[in-house]
Amino acid sequence: MSDIRNSNPGGEDYEPQISASGVDAVGLAAGGSADPLPGEDKSYSQGQLVARRFFRHRAAVTSMIVLGIIIVVAFTSIGVGSIPGWWPKDYTLQYDKIGDGAPTWAYPFGQDTGGKDYFALVMRGTQFSLIIAFAVGIISTVVGTLIGALAGFYRGWLESILMRMTDVFIVIPLLVIAAVLGKTASGWGILGLALVLGLVTWTGLARLVRGEVLSLRERDFVLAAQAVGTSPWRIISRHVLPNAVGVIIVSATLSISSAILLETSLSFLGFGVQPPDTSLGTLISEYQAAFATRPWLFWWPGLMILTIALCVNFIGDGLRDAFDPRQNRTKD
């Protein structure tokens, strides 16, 4: 009777083993399912990996929820334009002042020196500050991405002109140029102020995008696209910028936080939102003298600015970790 064991080329006997893959192959040939085994890793697309990393960043997710609540409350409480809100008091009306205007059940944020409901005023200021911040973020992102992509892809004289122009904006202190232009655009409303601020805050993103494009333009997929005659604009829009989207999104998020602080600084100095409109920075500037006697007039808008800025920064931190595979803070 022959031995059921086989011999390998080295002369040692071994017993054949049935592997898990062999079972899968037999089952699949018999019409079975090709579902992954319980211990087998699941593959994810790039977008799914980014989402998984982001939602495992607890600070970023918590900040996103808090910022969402602030936005919803600010725009639904006192309404927008002709759309009424659920808060019964109007920020433009003066009510009978209760004592020195300290917070009460009827006025949770207190009253200002004239008897206006301070909760309604803070919500109005939050609306304007958020609108300016997000508008500045969008404008600066578009301008910075366009200038950075053109400078990094075309190089030569175009890069020299665009980068020297960027250096000029960087050399001039941001607050000074924003104050001068903001004063000029003070009669244009909040959108005019947002446009001016967006046109002076794009420099950092432009340099980041330029550096990313300089690296991407030497990749094989870009060289292959150039070899088959693809137009430069199509290469930039379809191949280069999609691969630089991580840098762009993270920088755009952080620019929103910077815009809130810049608008607050300008309004505090009197170069930002002008009466009868108001913003969080305007409220702080108007009631800074009441810090010692009626501190709620200073702390409520200050806490709102601090909360929004921190939330946006934490969201940007989570996006950076999600888009950068070299980060080890969160696991895939």
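Under a model in which nothing but the beta-carbon of Lys, Arg (+1) and Asp, Glu (-1) is charged, the range 89-187 shows a dipole of about 240 debye around its Cα centre. Report, in whole Å, the centroid distance computed from the Cα atoms of the range 189-205 and the range 102-171. Rounded to whole Å, the Cα centres lie 6 Å apart.
Please give the peptides 229-242, 254-267 ranked by average Cβ packing (other Cβ atoms within 10 Å per residue), highest first, as a rough proxy for protection.
So the order, starting with the most tightly packed, is 254-267, 229-242.
Give the accessible surface of the range 39-122 per residue, rounded to a whole number of Å², with probe radius 1.4 Å and ligands, DNA and RNA excluded. If you can, show how the numbers build up before the last one.
Values: 5070 Å² over 84 residues.
Per-residue accessible area for the range 39-122 comes out at 60 Å².
In order along the range 239-255, phi translates into HN-Hα couplings of 10, 7, 4, x, 7, 9, 5, x, 4, 5, 5, 4, 5, 5, 5, 5, 5 Hz, rounded to whole numbers, per the Karplus curve 6.51 cos²θ - 1.76 cosθ + 1.60 with θ = phi - 60° and x for Gly and Pro.
Give the peptides 125-131, 275-281, 205-211 in descending order of average Cβ contacts within 10 Å, highest first. Intermediate results must be reported in sequence, preceding the final value.
Details: 125-131: 24.0, 275-281: 19.9, 205-211: 22.1.
Final packing ranking: 125-131, 205-211, 275-281.
Which whole-number percent gives the relative contact order of the range 81-131, counting Cα pairs below 8 Å spaced six or more residues apart? Can you show the working numbers first?
Numbers: 50 pairs, mean separation 16.6, N = 51.
It comes to 32 percent, rounded to a whole number.
Sorting 143-155, 55-67 by their mean Cβ neighbour count within 10 Å, with the most densely packed peptide first, gives 143-155, 55-67.
Report the one residue of F128, L193, V222 whose Cα lies farthest in the direction of the positive end of the charge dipole of the range 103-241 (charges on C-beta: Lys and Arg +1, Asp and Glu -1; origin at the Cα centre). Checking the options against the dipole of the range 103-241, the answer is V222. Amide H to amide H, with H built 1.01 Å from N, K116 comes under 5 Å of Y95, counting only residues 5 or more places away or on other chains.
The accessible surface of the range 43-97, taken with every protein chain in place and a 1.4 Å probe, is 63 percent carbon and sulfur.
The values are calculated or read from the model by the stated rules, or taken from the named source; none is laboratory data. Bear in mind the structure is a predicted one, so any value in this text is a computation, not a measurement. Glycine also receives a Cβ, built like all others from the backbone with ideal geometry; neighbour counts cover every protein chain displayed. Note: areas computed on protein heavy atoms with side chains; ligands, DNA, RNA excluded. Shrake-Rupley method; radii C 1.70, N 1.55, O 1.52, S 1.80 Å.
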